[in-house]
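Asks: Below you will find the structure I want to go over with you.
Please treat every number below as a calculation from the coordinates, not as lab data. The shown structure was predicted, so the numbers you read here are calculated from the model rather than taken from an experiment. For neighbour counting, all protein chains shown are included, and Cβ atoms are generated from backbone atoms with ideal geometry for every residue, glycine included.
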Amino acid sequence: MSDQMIKASKGARNMQGRSRDGAGIPALRASVTLPSNYQTVLTEIKSRIQSERIRVVLSANSAMVLLYWDIGNGILEQQKQQGWGAKVIDRLSFDLKNSFPDMSGLSPRNLKYMRKFAESWTDRAIVQRSVAQIPWRSNLALLDKLNSFESRIWYGLRTIENGWSRNVLVMQKKQLKRLRLNFQRSWRKSYEFIE
């Protein structure tokens with residue numbers, strides 16, 4: 001028997017690949033007549049698969065961001081109650097990496113970001129409704145590039161509305177800063193002219 005095509009007994013399907021323990025993959029015939037609604041059904045199934053894949057990714061991202069907030073909040077609490085410092089966070093990172101070797105994001109630097117994230121977003125409910133819906137890297141950009149809660153929430157909500165990536169978020173922030181500076185300069189010139 002050929003490895004490429006295995007013919008089954010008379011009246012049975014043609015099989016492709018190697019047959020193992022009587023199991024195989026049915027070979028497609030070039031001249032198969034498909035039902036008239038086949039293409040519609042195929043399109044609907046593909047659309048459903050794509051939307052569910054996106055939903056699963058977004059759900060996993062949201063769960064991860066909330067986990068990071070919980071970890072950061074726990075670190076904040078320990079720092080307040082027990083006086084945890086950088087060395088304890090370094091050790092925590094080491095122990096977590098050993099316990100979860102296949103998981104990324106447990107570096108000392110990222111744990112410190114988690115702490116800053118929880119410190120910046122003190123209400124878990126706000127995190128859940130807003131910034132948990134955007135990727136962690138975008139949240140880091142909000143933390144690094146913006147100082148006020150109001151700015152972070154505004155850019156976070158715009159990121160959700162517009163589907164901005166981290167790079168687009170940073171670019172938008174720079175663009176808005178340029179517009180504000182240009183407006184301030186032109187306003188000052190107009191004001192000086194009036195005086």
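Asks: For the pairs K97/K174; K116/K173; K46/K145; K87/K145; K116/K174, flag any whose C-alpha to C-alpha distance is greater than 29 Å.
Replies: Distance filter (> 29 Å) returns K97/K174; K46/K145.
Asks: E150 versus E119, label points 7 Å from Cα toward the beta carbon: distance in nm?
Replies: The answer from the label model is 2.3 nm.
Asks: Could you check the simple spin-label distance between L67 and D90, using points 7 Å along Cα→Cβ, in nm with one decimal?
Replies: 2.6
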